[in-house]
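What follows is calculated from the coordinates using simple rules that are stated; it is not laboratory data. Since we're looking at a predicted model, the values are computed, not measured. Virtual Cβ from ideal backbone geometry, glycine too; neighbours counted across all protein chains shown.
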Amino acid sequence: MEEFEDLLLEADNLRFDGKVENAVKKYLSIASSANGQGESTVAARAFQLAASSLIMTISSQTVATYRDALAMLTKAKNIYIGVHDETGLGACLREEAVAAAKMGAKSEAIELFTEAIETLSRRDSFEELGITYSKYGLWLSRWGDSQGGLAQIEQALSTLRKVPVAGLNNTIVLFDQAKVLSASEQLEPALALALEAKSWFEADHPDQNYTLPIAEISGFLSVLYRSRGEQVAAERCWKVFSQALPTFDPLLSRSLQTEVDQ
């Protein structure tokens, strides 16, 4: 089991370095090996993470990628259902919701987010539940419901307070909150939260690489600073973002650029 954890960390680092294709290959290799050794839950987690990596690159034009991600999530869900793991199942439902939202399928996404929350709530799966509230809040905001989005973000933060250590997940929620606040023109708190999230990713994390989230937050900050007329700070952050983009897989770079342009 320890061997698989090390391999999953290697794949995670590829994903957080923007090397999506290599990360997916690594996760799928882990899933195959884990299945061969009877470690079904490890295989399910690897399939889930492979799908999550692909979903980062999805847009309404990437139908094939969407289908590949759903196929991986189906494999993960089947394993989780077989071992009665509702935490894993709920996390997969959330990933399906995000994928549907990125493909423009709003009604389907809402149904999946709702099902994910209901599933995770049955097991007090606080970390996965917190992230699910957060992603639902982010998409509600993008669909024009800022108040509903902020309410879900608050629910996410409240849920994660029940977890002794939720560093990464809590930071992800802070950045989602920054995006929702920015969309509702609350630029000061959005800036503070984005800077807090960025500082966590930039801190020393042995054996972990966070190039991708640092670049993503930098692109977001460049837009915020520019809207405040702080051109020097905006250019500094844009430089970090623009220099990182060519090092990422092309579909991911395009997805990140589109999000910043919006």
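Taking the chain as the reference, fit the longest principal axis to its C-alpha atoms, fit the long axis of helix 126-142 to the helix C-alpha atoms, and give the angle between the two in degrees, 0 to 90, nearest 10.
So the inclination is approximately 50 degrees.
Taking Cα atoms, how many degrees apart are the long axis of helix 211-227 and the longest axis of the chain, rounded to 10 and kept between 0 and 90?
30
How far is helix 40-55 tilted, in degrees, relative to the longest principal axis of the Cα atoms in the chain, given as a value from 0 to 90 rounded to the nearest 10?
Here the helix axis deviates by roughly 30 degrees.
Taking the alpha-carbon centroid of each part, what is the distance from segment 160-206 to segment 232-262 in angstrom?
19
Putting +1 on Lys and Arg Cβ atoms and -1 on Asp and Glu Cβ atoms, find which of LEU224, THR211, LEU73 reaches farthest to the positive end of the dipole of the chain.
LEU224
Count neighbours as other Cβ atoms within 10 Å of each site's Cβ, and list the trypsin sites (Lys or Arg not before Pro) in segment 169-262 that are DSSP loop with at most 14 such neighbours. List each step's numbers first, then the result.
Details: sites: LYS179, LYS198, ARG226, ARG228, ARG236, LYS239, ARG254; in loops: ARG228.
Taking segment 169-262 and a limit of 14 other Cβ atoms within 10 Å, the loop trypsin sites (Lys or Arg not before Pro) found are ARG228.
Please state the charge dipole magnitude for the chain, taken about the Cα centre, from unit charges on C-beta atoms (+1 on K and R, -1 on D and E), reported in debye and rounded to the nearest 20. Working shown, then result.
Values: 24 positive and 36 negative charges, 121 e Å.
Approximately 580 debye in magnitude.
Is it possible to state the helix-based mean residue ellipticity at 222 nm for the chain, with each DSSP H run of 4+ residues giving -39500 (n - 2.57), the sum divided by total residues, to the nearest 500 deg cm²/dmol? What is it?
Values: 13 runs with 209 residues, N = 262.
Helices in the chain give a 222 nm mean residue ellipticity of -26500 deg cm²/dmol.
Treating only the Cβ of Lys, Arg, Asp and Glu as charged (+1, +1, -1, -1), what charge dipole size does segment 111-262 show about its Cα centre? Round to the nearest 20 debye. Walk me through the numbers before you get to the answer.
Numbers: 13 positive and 21 negative charges, 39 e Å.
That gives segment 111-262 a dipole magnitude of about 180 debye.
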